[in-house]
Amino acid sequence: MGLLRKIRDTGQVAEPAPPRPEGGVPPQAREFGGSVQVRCVDAGSCNGCEIEIAAAFNPVYDAERYGARLVASPRHADVALVTGPVTRNMAEPLRRTVAAMPEPRLVVAVGDCAINCGEFAGGYGVEGAVSDVVPVDLAVPGCPPRPDEIVAALRRVTGR
Amino acid sequence: MSLIPAALATATALGVAGAPAGLVLPQRVRGWVVGVLTAGVGVAGGTAGVAALGGSGWSAEVPGLLPLAGTYLAVDALSGLFMAVAGAVVAAVAVYGIGYVTGHGSHGSHGLGSRGAQAVLPLFALSLLLVPAAASVSTFLLLWELMALTSLLLVLAEHRARPAVRQAGVWYAVMTHLGLVLLLAGLMVYAAQAGGETFAALRAGTTGISPTMRGLVFVLTAVAFTSKAGLVPLHAWLPRAHPEAPSVVSALMSAAMVNLGIYGLVRVGSDLLGGGPAWWWLLVMAMGGLSAVYGILQAAMASDLKRLLAYSTSENMGLVVLGVGAAGLFAHVGNEALAGLALAAALLHVVNHAAFKALLFGAAGSVLRATGERNLDLLGGLRARMPFTAGLFAVGALGAVALPPGNGFISEWLLLQSMIHGLEVPGVTTAIVLPLAVAVIALSAGLAAAVFVKALGVGFFAQPRGEQAAAAKESPLLMLVGMGLLAALCAALALVPGLLGEGLDRTVAAAGHTGTRPVAGGGLRVRLEEVSATLSPLWVLAALVVALGAVMGTVGWATRRRQRRTQARLWDCGGGAPTPRMAYTATSFAEPLQRVFDDMLAPEQDVDVTPVRESAYLVERVEFRNRVPDRIEHRLYQPVLDLLAAAGQSARRLAGGSVHTYLGYGFVGLITLLVVLVVGW
Ligand code: SF4
């Protein structure tokens with residue numbers, strides 16, 4: 001009873017849905033039919049991007065209402081959300097993770113580090129940007145990108 | 001009629017010839033000759049048993065053979081059943097043994113191939129066959145002791161290779177002789193009361209004995225016999241002696257010798273004493289039930305393959321004794337039909353257990369021989385390396401888990417039938433005891449499934465977890481042939497148990513439950529006349545095959561429609577490929593069960609954390625130890641052993657080393673004796 005009352009009193013927390021994001025939709029995205037399973041891969045980030053991804057899925061931004069859902073294994077995933085510069089240790093695991101995902105699949109590079117090594121460019125442990133290791137379909141710039149930007153990128157994939 | 005004595009004489013001649021053959025023949029031919037002779041003992045003895053099951057009987061008296069008492073032999077259907085079982089096991093295991101001893105093995109065939117062991121093996125086989133044929137107390141005890149001594153010598157065969165063997169030997173020697181003392185006392189009291197020592201005289205004289213004396217005789221002999229059968233609480237020798245004995249010997253002991261404990265219990269309890277009050281049988285049922293659950297729990301915890309099998313023997317004998325006890329109870333309340341059914345179920349389980357346990361010990365010996373390793377945690381991956389052994393082990397395991405279409409299922413089903421129908425018997429005792437018994441059977445059957453999934457899955461599947469297992473090679477042909485014979489026996493018992501029906505009916509009648517034909521064999525079916533239930537194992541198998549085919553066909557059809565297929569490597573979390581260290585071990589498989597039965601098993605756990613020298617917060621090494629001790633053994637045996645040790649220590653004061661004191665002891669002793677004689681008489 002208390003739970004129900006709480007639900008009634010709290011009402012809706014999520015911000016109203018912003019307008020559909022601009023930009024082209026990757027061709028594979030049409031096959032997903034509006035339901036996209038997302039696997040996060042931290043390839044060496046400072047965890048700033050992770051916090052923002054977590055925020056993108058919290059009740060305020062609520063990426064799930066657009067059909068994106070986080071999953072725990074690449075075997076279940078359609079989209080890999082890769083953050084950070086790819087470190088030497090993570091290069092091979094990242095390749096394997098993407099290889100383990102069923103086709104069709106998309107790779108989204110989240111954050112400046114993922115796009116061009118950002119802050120860590122030239123570091124001794126850095127192998128390169130994500131696109132040097134696996135083909136990237138979408139990029140979300142920012143250091144870290146804001147949650148609504150991440151949500152916007154995911155909405156382009158879900159098409160909702 | 002003359003088949004039985006001829007077969008028994010042949011068996012005796014072959015067995016007695018085997019001993020010198022083992023002693024004098026050179027290494028090259030020793031294994032072959034002894035193996036063939038032992039197999040001959042088995043075949044001849046088994047033939048006698050089958051003839052007796054078929055309805056013939058025989059008895060003889062050989063006056064001169066034993067001084068004072070003479071030798072009495074008699075074979076009826078009850079003896080016949082146990083002789084047939086022992087004969088079949090001995091013959092198959094002897095074939096297996098030839099391969100075990102003569103093949104070019106890498107590990108551990110030396111102990112059994114020695115002169116001494118090869119000389120004793122045929123005698124042990126012979127004693128297994130002759131014990132059920134004994135028909136007087138002195139003959140029985142003599143053969144019983146021959147069996148105990150020869151098996152002890154065989155247990156010790158590998159004592160040079162492993163010191164643990166000696167420890168096991170001491171336990172076995174002490175416990176088996178404690179049993180003998182009890183048996184001796186019980187049977188002597190019985191013979192004195194009945195006024196004769198032949199079984200015929202005992203049977204005739206039993207009505208004249210007071211109930212107290214009869215109770216005493218029953219308790220003494222029942223404890224001795226259940227100890228031989230490996231029942232809790234006198235089971236401690238079994239999980240020690242079985243793993244340390246060469247596998248040929250473990251197979252013989254576990255599949256043929258422990259059965260004789262059951263034989264003794266049935267022979268003395270139901271046949272000679274002619275049944276008794278309810279408390280006898282409740283006692284027996286309590287021991288059986290306790291052994292069934294406790295044995296299978298310990299088996300679930302064991303990671304030593306042969307120890308696991310040994311505890312499983314304890315469990316199966318527990319179930320058998322539960323059936324025997326129920327039969328006694330039903331007979332006491334006058335329901336001969338149910339008594340016959342329960343006894344038939346118990347005896348059928350003896351047969352089934354013998355077949356699958358000999359097979360399992362054979363397969364375990366095959367693994368041990370190929371790897372030198374009994375620890376399931378270090379095995380694995382043997383299915384690819386030893387496909388035949390793995391397949392044969394699977395057949396045996398199927399029998400042991402008491403699920404269709406295994407052979408163990410048939411007898412446990414019969415046992416459950418008798419217990420469930422026993423609820424119709426009026427009375428408070430049955431109303432309490434029988435549901436408990438049903439629960440015990442169900443629980444132990446469920447746990448047995450876990451145990452043998454563990455043994456088969458962890459031991460044979462996945463990747464090898466040790467170098468020894470990785471280098472394993474398939475065993476020599478004769479070992480496989482021996483196991484194949486046992487597997488065929490398992491299959492026959494599973495598919496056409498009805499063929500045993502007539503024999504079982506006769507056995508039950510010989511055990512004193514006359515006028516009932518519990519298991520009417522219809523060839524392919526088992527029909528229980530008295531409780532109107534039928535089981536057709538072949539139909540069960542056919543249904544299983546059809547169901548399995550349907551499931552696999554559906555799955556194949558459903559997945560075929562997917563056109564696009566890509567090859568991808570195994571998902572390993574992006575790290576390296578999974579190593580064998582990540583696979584389930586026997587210990588980890590048993591861990592949930594250990595948690596569930598925590599109160600009963602009382603496992604001991606020990607965590608040792610060693611920090612690095614510089615900082616207490618950085619861990620250098622963590623050591624985790626987990627042990628599941630045999631609790632009953634701890635509680636029951638340790639105090640007795642401590643007491644004995646204390647007595648021994650205090651007795652040392654008597655032997656101070658002075659010759660004068662010793663002479664004084666002799667003097668005092670003599671005087672006391674003389675005084676006693678003078679005053680007493
Ligand atoms: S983009 Fe910025 S927040 Fe994201 S991982 Fe790189 S440095 Fe950290």
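The values are calculated or read from the model by the stated rules, or taken from the named source; none is laboratory data. Remember, predicted model here, so these are calculated numbers, not experimental data. Glycine also receives a Cβ, built like all others from the backbone with ideal geometry; neighbour counts cover every protein chain displayed. The protein model used for the area step is the full one, side chains on, heavy atoms only, and it has no ligands, DNA or RNA in it. Shrake-Rupley method; radii C 1.70, N 1.55, O 1.52, S 1.80 Å.
Filter region A:74-96 down to residues that are exposed (fewer than 15 other Cβ atoms within 10 Å of the Cβ) and in contact with a helix residue (DSSP H, G or I) (Cβ under 8 Å, 6 or more places away or on another chain) and give me whichever is nearest to the other protein chains (Cβ to nearest Cβ).
Checking each candidate, the answer is A:R75.
Quick one: which helices (runs of 4 or more DSSP H) sit completely within region B:223-339 and have at least 3 residues that are touching an Asp or Glu at 6+ places or on another chain (Cβ under 6 Å) and within 21 Å of B:A358 (Cβ to Cβ)?
Once the helices (runs of 4 or more DSSP H) in region B:223-339 are filtered for at least 3 residues that are touching an Asp or Glu at 6+ places or on another chain (Cβ under 6 Å) and within 21 Å of B:A358 (Cβ to Cβ), what remains is B:278-301.
Yes or no: region B:249-257 includes at least one residue that is at pLDDT 90 or above, under 29 Å from B:A125 (Cβ atoms), open to solvent by less than 10 Å² (accessible area, probe 1.4 Å) and more than 10 Å from the chain's Cα centre (by Cα).
Start the filter on region B:249-257 by keeping residues that are at pLDDT 90 or above, which leaves B:249-257.
Among the residues that remain, those that are also under 29 Å from B:A125 (Cβ atoms) are: B:249-257.
Still in the running and open to solvent by less than 10 Å² (accessible area, probe 1.4 Å): B:249-257.
Then keep just the ones that are more than 10 Å from the chain's Cα centre (by Cα); that gives B:249.
There is at least one residue in region B:249-257 that is at pLDDT 90 or above, under 29 Å from B:A125 (Cβ atoms), open to solvent by less than 10 Å² (accessible area, probe 1.4 Å) and more than 10 Å from the chain's Cα centre (by Cα).
Tally time: how many residues in region B:546-578 are within 11 Å of chain A (Cβ to nearest Cβ) and modelled with pLDDT of 90 or more?
Going through region B:546-578 one residue at a time, the tally reaches 0.
If I filter region A:99-110 down to residues being open to solvent by 10 Å² or more (accessible area, probe 1.4 Å) and more than 10 Å from every other protein chain (Cβ to nearest Cβ), which single residue comes out as nearest to A:V140 (Cα to Cα)?
Here the answer is A:R105.
What residue, among those in region B:579-608 that are assigned to a loop (DSSP other than H, G, I, E, B) and under 29 Å from A:R95 (Cα atoms), is nearest to the other protein chains (Cβ to nearest Cβ)?
We begin by selecting, within region B:579-608, every residue assigned to a loop (DSSP other than H, G, I, E, B); these are B:579, B:583-585, B:597, B:602-603.
With the extra rule that they be under 29 Å from A:R95 (Cα atoms), the set shrinks to B:579, B:583-584.
Numbers: B:T579: 16, B:A583: 20, B:Y584: 20 Å.
So the residue we want is B:T579.
Please find, among B:A192, B:A185, the residue that is under 22 Å from B:S136 (Cβ atoms) and open to solvent by 70 Å² or more (accessible area, probe 1.4 Å).
On the way: B:A185 fails: open to solvent by 70 Å² or more (accessible area, probe 1.4 Å).
Every option except B:A192 fails the conditions.
Just to be sure, is B:A148 in contact with a His (Cβ under 8 Å, 6 or more places away or on another chain), within 19 Å of B:P239 (Cβ to Cβ) and without any contact (Cβ under 8 Å) to a residue 60 or more places away in the chain? Steps first, please.
On the way: in contact with a His (Cβ under 8 Å, 6 or more places away or on another chain): yes; within 19 Å of B:P239 (Cβ to Cβ): yes; without any contact (Cβ under 8 Å) to a residue 60 or more places away in the chain: yes.
In short, yes.
State whether one or more residues within region A:113-132 are closer than 23 Å to A:S73 by Cα and within 14 Å of chain B (Cβ to nearest Cβ).
No, region A:113-132 contains no residue that is closer than 23 Å to A:S73 by Cα and within 14 Å of chain B (Cβ to nearest Cβ).
Under 6 Å between Cβ atoms, which residue pairs at least 6 apart in sequence (or on different chains) link something in region A:35-50 that is farther than 20 Å from A:E127 by Cβ with a partner that is hydroxyl-bearing (S, T, Y) and more than 12 Å from the ligand (Cβ to nearest atom)?
Listed pairs, sorted by first residue: A:V36/A:T158.
So, in region B:269-281, how many residues would count as being under 20 Å from B:G196 (Cα atoms) and open to solvent by less than 10 Å² (accessible area, probe 1.4 Å)? Outline the logic, then answer.
Taking region B:269-281 first, the residues under 20 Å from B:G196 (Cα atoms) are B:269-275.
If we keep only those that are open to solvent by less than 10 Å² (accessible area, probe 1.4 Å) as well, we get B:269, B:272-273.
Total meeting the criteria: 3.
Kindly indicate whether B:A455 is in contact with a Ser or Thr (Cβ under 6 Å, 6 or more places away or on another chain), in a helix (DSSP H, G or I) and buried (at least 24 other Cβ atoms within 10 Å of the Cβ). Lay out the reasoning, then the answer.
Working: in contact with a Ser or Thr (Cβ under 6 Å, 6 or more places away or on another chain): no; in a helix (DSSP H, G or I): yes; buried (at least 24 other Cβ atoms within 10 Å of the Cβ): yes.
Spelling it out, it is not the case that B:A455 is in contact with a Ser or Thr (Cβ under 6 Å, 6 or more places away or on another chain), in a helix (DSSP H, G or I) and buried (at least 24 other Cβ atoms within 10 Å of the Cβ).
Quick check, is B:L154 of a type outside the set (G, A, S), modelled with pLDDT of 90 or more and crowded, with 24+ Cβ neighbours inside 10 Å? If you could, list the steps in order and put the result at the bottom.
Values: of a type outside the set (G, A, S): yes; modelled with pLDDT of 90 or more: yes; crowded, with 24+ Cβ neighbours inside 10 Å: yes.
When the stated conditions are applied, B:L154 passes them.
Being of a type outside the set (K, R), modelled with pLDDT under 90 and under 24 Å from the mean Cα position of the chain (by Cα) is the requirement here; does B:H159 meet it? Spell out the reasoning first.
Numbers: of a type outside the set (K, R): yes; modelled with pLDDT under 90: yes; under 24 Å from the mean Cα position of the chain (by Cα): yes.
Taking the combined requirement at face value, the residue satisfies it.
Could you figure out which of (1) without any contact (Cβ under 8 Å) to a residue 40 or more places away in the chain; (2) of a type in the set (A, V, I, L, M); (3) under 23 Å from B:A487 (Cα atoms) isn't true of B:V33?
With (1) without any contact (Cβ under 8 Å) to a residue 40 or more places away in the chain; (2) of a type in the set (A, V, I, L, M); (3) under 23 Å from B:A487 (Cα atoms) applied to B:V33, the lone miss is (3).
Given the conditions (1) under 15 Å from the mean Cα position of the chain (by Cα); (2) buried (at least 24 other Cβ atoms within 10 Å of the Cβ); (3) in a helix (DSSP H, G or I), report the number of the one that B:F218 does not fulfil.
So the condition that B:F218 fails would be (1).
Condition check: farther than 21 Å from B:A135 by Cα and assigned by TED's automatic domain parsing to the domain that holds B:V481. Does B:L282 satisfy that? Break it down into steps so the answer makes sense when it comes.
Numbers: farther than 21 Å from B:A135 by Cα: yes; assigned by TED's automatic domain parsing to the domain that holds B:V481: yes.
For B:L282, the condition - farther than 21 Å from B:A135 by Cα and assigned by TED's automatic domain parsing to the domain that holds B:V481 - is met.
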